[in-house]
Amino acid sequence: MNCPNSIAKCSKRCANRSKRAAQQADFPAACQLVAAMSPCPCGWRGDPSGRCRYSPDIATRYLRKLSGPLMDRIDIQIELALTPAELSARDAKRGESSAAVAERVAAARDIQLKRHGKANRELDGREADDVCRLDADGEALLRSAGERFGWSARGHYRVLKVVRTIADLAAADAPSATHVAEAVQYRRALSIA
């Protein structure tokens, strides 16, 4: 099986069809992909100490190994900076507890199921348009970000679903430009900084 094709088929149909010896079987396959990669072959690109031994051209070629269609199917893409040693976990300020986050996630999921009988990630384009009506500022921001980052129609709708999810987590009736701005931050293209 070719992995990128399997991912594309899985995310499109949420089922995996196996054909062997004139028999066919369908297996449910609602999958979640969590992945990580280094910013360049050595992993030190952008480090203030200058430890990276690769040129920007090599780092660019390295990042371009990820195909556009594959990246288009990843809803949230976040670039994490190296954490300096002086900011160890012991010294870090405590944020919201896991229990509180779990409560907000469960409440947001309940909202989604009551609203349209399924999670936001399962919405098709028309359904996403219906449940994620943006105000003029939000619409302008989404359009401008889509043009700036060159999103496909698929990318646009994936961001729209993330916008709706962020609004659900905030228990907002309608998504705002603030929710759009947060979703855009989760969908920026990888950089070569």
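The values are calculated or read from the model by the stated rules, or taken from the named source; none is laboratory data. Since the model is a prediction, treat every value here as computed from it, not as a measurement. FYI the Cβ positions are ideal-geometry reconstructions off the backbone, even for glycines, and counts take in every protein chain you see.
Can you tell me how many residues within segment 67-97 are at pLDDT 75 or above and charged (D, E, K, R)?
Residues flagged as at pLDDT 75 or above and charged (D, E, K, R) within segment 67-97 amount to 5.
Residues that are within 28 Å of V101 (Cβ to Cβ) and among the β-branched types (V, I, T): which helices (runs of 4 or more DSSP H) entirely in segment 133-193 hold 3 or more of them?
153-169, 177-185
For segment 132-151, check the following and say yes or no: at least one residue is loosely packed, with under 13 Cβ neighbours inside 10 Å, modelled with pLDDT of 90 or more and within 17 Å of the chain's Cα centre (by Cα).
no
On the basis of being modelled with pLDDT of 95 or more and either more than 16 Å from E182 (Cβ to Cβ) or in contact with a helix residue (DSSP H, G or I) (Cβ under 9 Å, 6 or more places away or on another chain) (or both), does L113 make the cut?
Taking the combined requirement at face value, the residue satisfies it.
Out of (1) in a loop (DSSP other than H, G, I, E, B); (2) modelled with pLDDT of 85 or more, the odd one out for G50 is which?
Unmet for G50, out of (1) in a loop (DSSP other than H, G, I, E, B); (2) modelled with pLDDT of 85 or more: (2).
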